[in-house]
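Heads up, the thing below is written out as structure tokens.
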Amino acid sequence: TALQELVQRTPGKTISYRLVEETGPDHCRSFVMEVWVDGRSQGRGQGRSKKEAEQMAAKAAIAKLK
């Protein structure tokens, strides 16, 4: 939500997440996600779930955008 608040300060900007990589066996998956703001990659994150990877990507994007 912090990334959404930061991006929404400028009307018309959009946020999307894309799965970059999924590795490991079913019981021990690892995901890499990228967050895109207005068609540009702004952060990448890795986690044991898609949600965790999205959160890590959002943190990277916040650091880059501030």
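Numbers for the structure displayed
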| quantity | calculated |
| --- | --- |
| Selection from the stretch 3-20 of residues that are open to solvent by less than 60 Å² (accessible area, probe 1.4 Å) and of a type in the set (Gly, Ala, Ser) | 16 |
| Qualifying positions in the stretch 21-39 - surrounded by 10 or more Cβ atoms within 10 Å (Cβ to Cβ) and more than 10 Å from the chain's Cα centre (by Cα) | 21, 22, 23, 24, 29, 30, 31, 38 |
| Meets criteria (polar (S, T, N, Q) and within 16 Å of residue 59 (Cβ to Cβ)) for residue 4 | yes |
| Flag for residue 44 being touching a strand residue (DSSP E or B) at 6+ places or on another chain (Cβ under 6 Å), touching a residue at least 12 places away in the same chain (Cβ under 8 Å) and of a type in the set (D, E, K, R) | yes |
| Number of the exception - residue 53 against (1) exposed (fewer than 15 other Cβ atoms within 10 Å of the Cβ); (2) without any contact (Cβ under 8 Å) to a residue 60 or more places away in the chain; (3) aliphatic (A, V, I, L, M) | (1) |
| Hits in the stretch 18-55 - residues which are among the hydroxyl-bearing types (Ser, Thr, Tyr) and more than 19 Å from residue 66 (Cα to Cα) | 23, 30, 49 |
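The values are calculated or read from the model by the stated rules, or taken from the named source; none is laboratory data. Computed from a predicted model, the values in this text were never measured in an experiment. Here Cβ is always computed from backbone atoms with ideal geometry, including for glycine, and neighbour counts include all displayed protein chains. Note: accessible area is taken over every heavy atom of the protein model, side chains too, but ligands, DNA and RNA are not part of it. Shrake-Rupley method; radii C 1.70, N 1.55, O 1.52, S 1.80 Å.
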